[in-house]
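Have a look at the structure below before the remarks.
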Amino acid sequence: MYPGNYAGIATGTAESKDVLVLFLADSTPEIETDLRTLANLPDDKIRFEPAYQSLEAAQRIDRNIAAAVPALSAKGIELQTWGVGVDGVEDIGMDHPTDEQVAYLFEKYGPYLRIDRNVAPARLL
């Protein structure tokens with residue numbers, strides 16, 4: 001429901017153990033009221049947080065990045081990890097990228113990237 005708005009649910013945090021935390025892009029009071037009704041929870045057990053974009057939009061970016069990994073690697077841009085965060089941002093892990101490499105990713109894939117510059121390559125055991 002609301003694929004153009006839903007981004008994710010917070011899990012694994014102290015607060016999310018007792019409160020349903022939903023991330024929504026471009027939320028409206030009507031959407032939140034509808035979701036409160038569907039969740040059938042007391043008001044203090046559900047919270048809405050703003051998301052940068054919907055999961056649907058973020059997954060398009062994620063698929064584009066996944067498909068481009070070989071081409072990015074050929075350009076010297078090595079992604080160690082990537083995936084969509086609960087707030088609709090694409091999380092990318094890199095091993096000490098240059099500013100130019102980071103700028104290229106933002107130019108190519110848009111503003112909703114969060115880049116961790118200190119992700120070392122995986123070691124094979």
- Message: Of everything in segment 56-107, what is touching a Phe, Trp or Tyr at 6+ places or on another chain (Cβ under 6 Å) and open to solvent by 50 Å² or more (accessible area, probe 1.4 Å)? Give them in sequence order.
- Response: 86
- Among the residues of segment 36-58, is there at least one that is under 25 Å from residue 117 (Cα atoms), of a type in the set (S, T, N, Q) and not in a loop (DSSP other than H, G, I, E, B)? no
- Query: Is at least one residue of segment 69-80 more than 18 Å from the chain's Cα centre (by Cα) and acidic (Asp, Glu)?
  - Reply: yes
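Within segment 78-125, track down each residue that is in contact with a strand residue (DSSP E or B) (Cβ under 8 Å, 6 or more places away or on another chain) and part of a helix (DSSP H, G or I). Spell out how you get there, then give the answer.
Initial filter on segment 78-125 (in contact with a strand residue (DSSP E or B) (Cβ under 8 Å, 6 or more places away or on another chain)): 78-97, 101-102, 105-106, 109, 112-122.
Hits for segment 78-125 are 101, 102, 105, 106, 109.
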- Task: Kindly check whether there is at least one residue in segment 15-36 that is open to solvent by 70 Å² or more (accessible area, probe 1.4 Å) and either within 29 Å of residue 122 (Cα to Cα) or among the aliphatic types (A, V, I, L, M) (or both).
- Result: no
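The values are calculated or read from the model by the stated rules, or taken from the named source; none is laboratory data. All values derive from a computational prediction rather than experimental measurement. FYI the Cβ positions are ideal-geometry reconstructions off the backbone, even for glycines, and counts take in every protein chain you see. We work out accessible area using only protein heavy atoms, side chains counted, and drop any ligands, DNA or RNA first. Shrake-Rupley method; radii C 1.70, N 1.55, O 1.52, S 1.80 Å.
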